[in-house]
Structure formats: structure tokens, C-alpha cells
Amino acid sequence: MNYQKEQIKNALTLHQINTNNYKTNLYAIFLATPLKRENVTLDALLTAVLRRGTKNLPTQEQISQKLEMMYGASFDCGVEKTGDNHIMKFYLETLSEEFLPKPEKLVEESINILLDIIFNPYTENGCFKPEYVESEKQNLKQIIEAKIDNKNKYSYDRCIEEMFKDKPYGLYKYGYIEDLEKITPEELYNYYQNLIQKCKIDLFCSGIINNDIKEILSKNENIQKLQERNPEYIVNNETTEIKEKQEPKVVEESMQVTQGKLVLGLDINNTEENSRFIASVYNAILGGGANSKLFQNVREKQSLAYTANSGYIRVKNSIFIRCGIEIKNYQKALDTIKDQLKEMENGNFTQEDIKNSKELILSSVEGITEEQDTEITYYYGQELADRFISIEEYINKIKEVNKEQIVNLAKTVNINTIYFLKD
Amino acid sequence: MKIIESSKIKEKAYVEQLENGLTVIIVPKKNTKKKYIIWGTHFGSIDNRFIMPKTEEEVFIPDGVAHFLEHKMFEQPNGTNSLDTLMALGIDANAYTTNDHTAYLFECTNHFEEGLNELMDYVQHPYFTDENVEKEKGIIGQEINMYDDDPSWKLYINAMNCMYKENPIKIDIAGTIESISKITPDVLYKCYNTFYHPSNMIMVVCGDFIPENLIEEIKKRLLPKENQGEIKRIYPQKEDKINKKYETAQMEVSVPIFMLGFKDMQNSKEEKVKKHIAIEILLNMIIGKSSKLYAKFYKEGLLLSEPSLDYEFSNEYAHILISGTSKDPKKIEQGILETIKQMKENGLDEEHFERIRRKVYGDYVVEYNSVGDIARMFLADTIKGVQTFDYIEQFETVTKEYTQEILKSVFKEENEILSVVNPIQN
């Protein structure tokens, strides 16, 4: 296998993916910490402040210039929710040394810059530079306010928020303006120092790498300073998500739109080990592609929608149905969707549907190794769910799913939340 | 088969023009599992007036036909839809329409041959009836509504309106509810018969293939067609001025979004690739991530993230677009114009130029990471009359002096425009 992982100093997990499918090497560091209302905004702000400067490259301009000299290496960072964890993600992508117009050493330099950005930030008087914190607060404020700009994304986020009200997964990954305003540079720096001693740290290196990464890490001062730890984070997988059956919650919201957005959040009340493979196939039949029940019945047969699909969120054992519809068609579209859920429970789908849906899933699973960040995300997902399964095994598990299992799972599916954005 | 090559990035492309006029480009990629095929016709939203080669009849078509035709190609006489058939094989299939071309594509890991059967079957078999054309109007009407709600689309259309008085680039790709209401099966067949002739089409395939074998597979699946003469496309006279400096709209956004443009008055003899590279270097020097101007705007909270930088060109239009989000677009405009003025007066800084040159080189190489990017790039470039590897191979010929000339000839204040979408005032 081209994937290996090992512990460095009980503080960091190193994952190496050796592949020559790409012209680039991709390095990623992920910091994971439990999602909490009091921390989400701090996490989002911290990620933004860290990219502003390091002790060696104190300004963003200097970082960018350095990366440009490395043939346009690109740095990116952001926050994501994965289950009940908040993940701060930092990526650096460079050309592989093999494709440079003239020989240069980029691997060690890349890893050192990435580590510096996270563990050796620029400080003044033992604290983050107040100017950096202030301007990132302003920026983050605009990002939070811009939540409404993309109506598709907004309605999806709002449905999740309502479905997981007062639970970690319902939190907005960028945080909240009222919390943001109160954060001081000192508070942020204290939070940071505490966080990096406790959080889970994973480093991924993917591409054509002939260097010994462990040796590079052992020489790096930032790594030498890291404390050993039992990282604080939450393990989420299908067996950990216990649901209660309840009447669907209906939420309607008005905005200036010509197209309505209908989002349904579904609970899967099945905590059996490996039910995630059954749920994947169930979801693909329901709303996975152009052959799915939703696409065929909501869009094609009745012309009720331009988009109609569903997605399975493995870590929360939930499914979200998303449609863009004409506002006046709300009831008709909702009834049609409910009919499709009933059809699934009654087993009104064919072996052909199952086969098609498996093909759809398998082609995306087989494509994992063709995109560098997707491959990293796959292995990191396994790391957080605390269960390792190779891509080959994954494929076999999907192939094994049968109709009876899908119908049994369908009987445990309940609508939790119906969200509608209208004019 | 002609072989073109880029030694720097170790890639090759096999190019062949078949007897019926179809151009086939194969880019082999050893050891990749994904395969990508795209079949495009040189027919986009700007082609709204033309002379049919066979009958010499001049045809005017309603806005949105190329896109409408794209939607309708999937439908088969037996009631099936080719998109579904491909999806059922686990093949990710799609189609899209741009200003200057329409493309049908799929990506897969398995079942390439079955996919090829289906793709080459449906693209060669149009099936339009009064009934199925009417039904499609409902679906496309929804899509048009979606665009109408999209502030970034409005921003773009207004920018085009600033630059051009009469140029078909101003047409919405999907048309309007009103224009598509005029579409009939007859219009669709006329366009299909004219533009979907092999001599007006290009097929690009990327993946782990033996080119000689693949080309035979493609030939086997092509239907015989009579040769066709050149399609005469009629476009409005090119304008040597912009239409207006500024246009603004109000929509549901939280912060204003802007698009600043420079209309480029091209001439037909220039080297397109070299010019394109020089423009990309200049845009990065002016307002790219490491520029002084971006640092200043970021510090002042005027820009949250780097603006996106584009150069769009065909024979009928060419323009530079700088777009982003800012609470004060006018200040962004002033800053950009002032920086350009200084760069013209003081000349380009040696160190800065070298750094950005390296960065832009890296950007071109990264495109070769994905079979889909490679295939789409070859298709779009071939339609424009450009050879894709030239971006890598001609890179070294773009000198500081040449780049300076382009700065003077393209980034002119009199050709600059600004489009802004502001939040709705309560």
C-alpha cells in the first residue's frame, strides 16, 4: 500500500501517501478540537490570524513572496466541521521537484514553512500582533455576514442549524458576531497556547517525496517543542449517533428570491456497525444521481425542480435532501419527496437501481486516489472515525449491500427537519 | 497522427484530423484510473446569426439556443435519457455551454467503452419534438430564474454591457424566458445540422490509453456524413471604444461585489499565448496575492481575499477582468489605476517580475494534475486557435521588455470599466 502512518513523539501523527499521479506535492496539517459554542469563533479567528505572519516571515506579503519564489507554491487554510470536531486545516502545495525548470530543493522548505505558520507565529510583547487580530476580526465578521449570499448553501446550513439546535454539529463553523466582538488579542493568544498543547495534530505528505520526512521533523525546532499528549477530540461514526424519533420540525424563512430552496434533514436511526455502507447505497438510490428517485420524480417527471438530490453525512448518520423549486410548488414537491421515502421503505426499487447506485458510489471511491486532497481527506476521515478500512475493502463492503438491508435501514429513516426558503 | 510534446512537464498529445473533418486529440496519462472524454462543437451563445453552408440561407436564432440544444441532446426517441444511461454505469456525465462552444463529456474509472458508445450515439442522434421542446422550457425557465438570483452573474453581464454596445457576449447563455419561448424543433434542427457537423467539432480524450487503438474505436462509431463547407458566422462590427464607464445594480448581497475590466482591442496578427502569459504576469504584479496594493487593501479591510484575475478572449472579444468583494469598489479602482500608472512610468521591477514569472509557470504546470482539467483546457484552447503546450513551451520567451509593452498597449485607462452590485438599502 502507498499509505503509511506513524506517531511522532506522541504529539503528532505523520501520514505519508506516496503517489506519482500528480505534478505536485501536497502537505497538510490538521488541528482537531471538540466543537463548542465558546470556541468556534476563536478557532475560526485563530486560523485566520496564524496565516498573517511567522517569526521568520512576519508579514503576509513576505509569506506570499516566499511561496511565489517556490514556483507559486500555494498556501490555504480554513475551518471545517467533521462530526462534533472543529478542524483547523492548513495546506501547502508545491510543484514536485521533478517538474521544475531547474533543480531546486522544495520539500524540506515546504514542511518547515507550514510548521512555522502554525507553531511559530509572529508575536509582539508575548501576544499576537493586535493589528492582525483586529483586521482578521473585521474580515471574519464580513464572512459571517456573507452567510446569506449563496442561497443554496445558506438554506443547507440553516437546516443543519435547526436540526442540531443546541448540539455541537448545529454550530456555524465561522462562529458568531456577538462572540467575535468580545475577543481580545490576549484572550486569543492564551486560547492558542492552550489549544496546541491539547489538540489532535495530523500531518499529511502526499506526492513524489524522496526525502526522509521523519528526519526533517526531528530537526525542526517547532516539533522539538511540542508536548506529548492524549489528544482531546470526539470520535464520530455510525455507531455513536443515537437518535430519537420525533415529529418533523417545520421552519420557513423569507428573503428576496425567485427560486425557493427546500431542504429536508433526515435521521437514520440505525447504529449497527458498518451500516454506513448500507446508508450510502440507500442515499444513492434516493437522491444520488440522475437515476435517483428524487431526480426522476421531482425533476424529470413533474418538472418541479431544477435540482433535486440528497447527500449522506456519515459522521452524523444523517441525510439531507436539497431541491431548488418554484415557490408555488412547495406542497407538491414536499409530497413527492415523502412519497419517495415511502417507496424506499416499501422496497419499491429494483435490483437494477441497486446496481446503478453501487456503480455511482464505486466510481467516486475509485476516484479517491486521483485527487490529492480527496485522498488526504479520505485517510483523515478514517483517523477521526477511529476505524481503518482500505479503499479495496471499502469497495467490497459496498458491493456486499443487499436489498433486505436497504429496506430495513429505510424503515429507520425519519424526517427530522423541513426547511423552506421562500419569497 | 501528429505528436506534440512538452518536454518540461513530460506530457505528449496525439492530434489527428479525420477525413470527415473531426479533430481528435488524445493525451495519454499512464497509471491513472480516471478517464475523461469531451466532445465539443464550436457553437456557443455568441453564434446567433449565420449562413447555412448547404442552403446558403441566412439564419437568425433566438438567444439561448446553443444551451437549449445542449439540454435536448440527451433525450432519446425510446424515452430514455442518455445522462441516466451513463449515470447508471457509474459514469459521471455532463454537458455545458459557453460563449463560444458547447461540450458533452464524461469521466469514469470503469466502463469507458460503454460510455463511448452512449456518448457518440446521443451526440449524433438529435430527437426534437414539439412536446419535448415545450417541456424543456419549464426546466430551463427554472435555471434562468436561478441565474437571475445570482449576483455574480448580474455583475458579469453588467461588465460586458459596459465594454460592448453590440456584441453577442452580452447575451445570457441560457437566454431569457421570453427568448426561449420562441424556440421550435425546426430552429434546433437547423442549428444541429450546421454546427454539429464533424468538421466543426473537436474531441479530446485523456487517460491511460494507447492512442492508435483509441482512434480506431472512435472512427468505428462515427456516422457517415457529407462534407460541409465553411459556416459563415455574422457578428456585429467590432467597436473600438467602450460602451460606458460604470454600471451598478442592487441585489441581496451583504458587501458590494465588483468587476473591473479592461477592454482589449486586439489585432489579428499578435501572438495570443505570449500575450496571455504576459497579461497573467501583469495582473499578478498589480493586484496578486504578494502585491503591495493587495497588502494595503487587505490592511485597510477593503479586500478580504485576493480578487480573481481573468483574461477572456476569442476572435470576437477580449477583455481583462478583476473581480472581488469590497465595501468600497471605487477605492479599489483608484488604487489599481494608480498602480498601473506608476508601473508604466517606472518600468517593471526585476525581482518582482522574476518572482511572478515563477509563480505563473507553477500555475500552468498544476493544471496537468487532473485528466478533466487537461481535456477541457485542450478543447477550449483549440476552439480559440491556440496550442495548449505553448503556455509551457513558450514561457521563457516572455521577457520583461515584452511584458512592459503589453502593459502599455492593453492596460489603458480609457478602456477601463467598473461594474458593481450593491446591497439592497432598507
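The values are calculated or read from the model by the stated rules, or taken from the named source; none is laboratory data. Just so we're clear, the structure is a prediction, and the values are computed from it rather than from any experiment. Here the Cβ is made from the backbone with ideal geometry for all residues, glycine too, and neighbour counts use every protein chain on show.
Some notes on this structure:
- Residue among A:GLU300, A:GLU272, A:GLU244 that alone is part of a helix (DSSP H, G or I) and of a type in the set (Asp, Glu): A:GLU300
- Residue within region B:296-304 that is of a type in the set (A, V, I, L, M, F, W, C), part of a helix (DSSP H, G or I), outside the structural domain of B:LYS170 (by TED's automatic domain parsing) and free of Cβ contacts under 8 Å to residues at least 60 places away in the same chain present: yes
- Scope region A:292-328; condition within 12 Å of chain B (Cβ to nearest Cβ) and among the aliphatic types (A, V, I, L, M); matching residues: A:VAL298, A:LEU304, A:ALA305, A:ALA308, A:ILE325, A:ILE327
- Scanning region B:195-220 for residues that are over 30 Å from B:ILE51 (Cα atoms) and aromatic (Phe, Trp, Tyr) gives a single hit, B:PHE209.
- Test result for B:PHE262, assigned by TED's automatic domain parsing to the domain that holds B:GLN334, touching a Pro at 6+ places or on another chain (Cβ under 8 Å) and under 18 Å from B:GLY335 (Cα atoms): no
Table: residues versus (1) assigned to a loop (DSSP other than H, G, I, E, B); (2) on the phi < 0 side of the Ramachandran plot; (3) surrounded by fewer than 21 Cβ atoms within 10 Å (Cβ to Cβ); (4) in contact with a His (Cβ under 7 Å, 6 or more places away or on another chain).
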| site | (1), (2), (3), (4) |
| --- | --- |
| B:LEU69 | no, yes, no, no |
| B:ASN78 | yes, yes, yes, no |
| B:ASN110 | yes, yes, yes, no |
| B:LEU119 | no, yes, no, no |
| B:PHE128 | yes, yes, no, no |
| B:GLU131 | no, yes, yes, no |
| B:GLU136 | no, yes, yes, yes |
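- For B:GLU413: the one exception among (1) crowded, with 18+ Cβ neighbours inside 10 Å; (2) away from every other protein chain (no Cβ under 14 Å): (1)
- In region B:85-112, the residues that are among the β-branched types (Val, Ile, Thr), touching a Gly at 6+ places or on another chain (Cβ under 7 Å) and under 17 Å from A:ILE285 (Cα atoms): B:ILE91
- Matching residues, region A:303-325, being in contact with a helix residue (DSSP H, G or I) (Cβ under 7 Å, 6 or more places away or on another chain), touching a residue at least 60 places away in the same chain (Cβ under 8 Å) and not in a helix (DSSP H, G or I): A:ASN317, A:ILE319, A:PHE320, A:ARG322, A:CYS323, A:GLY324, A:ILE325
- One residue stands out in region A:62-92 among those that are charged (D, E, K, R) and within 21 Å of B:HIS352 (Cα to Cα): the one that is farthest from the other protein chains (Cβ to nearest Cβ), namely A:LYS66.
- B:VAL366 touching a residue at least 12 places away in the same chain (Cβ under 8 Å) and buried (at least 18 other Cβ atoms within 10 Å of the Cβ): no
- Residue match in region B:333-342 (condition: within 14 Å of chain A (Cβ to nearest Cβ) and assigned to a helix (DSSP H, G or I)): no
- Test: A:LEU50 is among the aliphatic types (A, V, I, L, M) and within 13 Å of chain B (Cβ to nearest Cβ): no
- Pairing residues of region A:5-20 that are on the phi > 0 side of the Ramachandran plot and away from every other protein chain (no Cβ under 14 Å) with residues that are assigned to a loop (DSSP other than H, G, I, E, B) and buried (at least 16 other Cβ atoms within 10 Å of the Cβ), at Cβ distances under 9 Å and at least 6 apart in sequence or on separate chains, gives A:LYS9/A:LEU226; A:ASN10/A:ARG229.
- Some residue of region A:125-147 being among the β-branched types (Val, Ile, Thr), within 13 Å of chain B (Cβ to nearest Cβ) and under 22 Å from the mean Cα position of the chain (by Cα): yes
- Scan of region B:256-282 for residues that are without any contact (Cβ under 8 Å) to a residue 60 or more places away in the chain and touching a strand residue (DSSP E or B) at 6+ places or on another chain (Cβ under 6 Å), ordered by number: B:GLN266
- Residue check for B:GLY115: touching a Cys at 6+ places or on another chain (Cβ under 9 Å), of a type outside the set (A, V, I, L, M, F, W, C), buried (at least 21 other Cβ atoms within 10 Å of the Cβ) and outside any helix (DSSP H, G or I): no
- Selection over region A:9-47 of residues that are surrounded by fewer than 17 Cβ atoms within 10 Å (Cβ to Cβ) and in a strand (DSSP E or B) gives a count of 2.
- Contact map, region A:191-218: first residue within 26 Å of A:ASN230 (Cβ to Cβ), second residue assigned to a helix (DSSP H, G or I), Cβ cut-off under 6 Å, separation 6 or more or different chains; pairs are A:TYR191/A:LEU42; A:TYR192/A:LEU46; A:PHE204/A:ILE376; A:CYS205/A:ILE213; A:ILE216/A:GLU108; A:ILE216/A:ILE111; A:LEU217/A:ILE223.
- Leading residue by the ranking (farthest from the other protein chains (Cβ to nearest Cβ)) among those in region B:373-407 that are of a type in the set (Gly, Ala, Ser) and surrounded by 19 or more Cβ atoms within 10 Å (Cβ to Cβ): B:ALA380
- Looking across region B:97-139, the residues that are within 14 Å of chain A (Cβ to nearest Cβ), farther than 17 Å from B:LEU214 by Cβ and of a type in the set (D, E, K, R) come down to B:GLU131, B:GLU134, B:LYS135, B:GLU136, B:LYS137.
- Any hit, region A:396-414, residues being assigned to a helix (DSSP H, G or I) and within 14 Å of chain B (Cβ to nearest Cβ): yes
- A Cβ distance below 6 Å, combined with a sequence gap of six or more or placement on separate chains, defines the contacts here; from region B:144-156, residues that are surrounded by 19 or more Cβ atoms within 10 Å (Cβ to Cβ) reach residues that are among the small types (Gly, Ala, Ser) and assigned to a loop (DSSP other than H, G, I, E, B) in the pairs B:ILE144/B:ALA174.
Yes/no matrix, rows are residues, columns are (1) assigned to a loop (DSSP other than H, G, I, E, B); (2) surrounded by 14 or more Cβ atoms within 10 Å (Cβ to Cβ):
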residue: B:PHE209; (1), (2): yes, yes
residue: B:LEU222; (1), (2): yes, yes
residue: B:LYS225; (1), (2): yes, yes
residue: B:GLY229; (1), (2): yes, no
residue: B:PHE258; (1), (2): no, yes
residue: B:LEU309; (1), (2): no, yes
residue: B:GLU312; (1), (2): no, yes
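- Output for region A:88-130, where each listed residue is within 25 Å of A:ALA32 (Cβ to Cβ) and in a loop (DSSP other than H, G, I, E, B): A:ASN120, A:TYR122
- Checking A:SER318, A:SER310, A:SER364 one by one, the residue that is assigned by TED's automatic domain parsing to the domain that holds A:LYS245, of a type in the set (S, T, N, Q), crowded, with 20+ Cβ neighbours inside 10 Å and farther than 30 Å from B:LYS137 by Cα is A:SER318 and no other.
- Check on A:GLU375, in a helix (DSSP H, G or I), within 14 Å of chain B (Cβ to nearest Cβ) and loosely packed, with under 15 Cβ neighbours inside 10 Å: no
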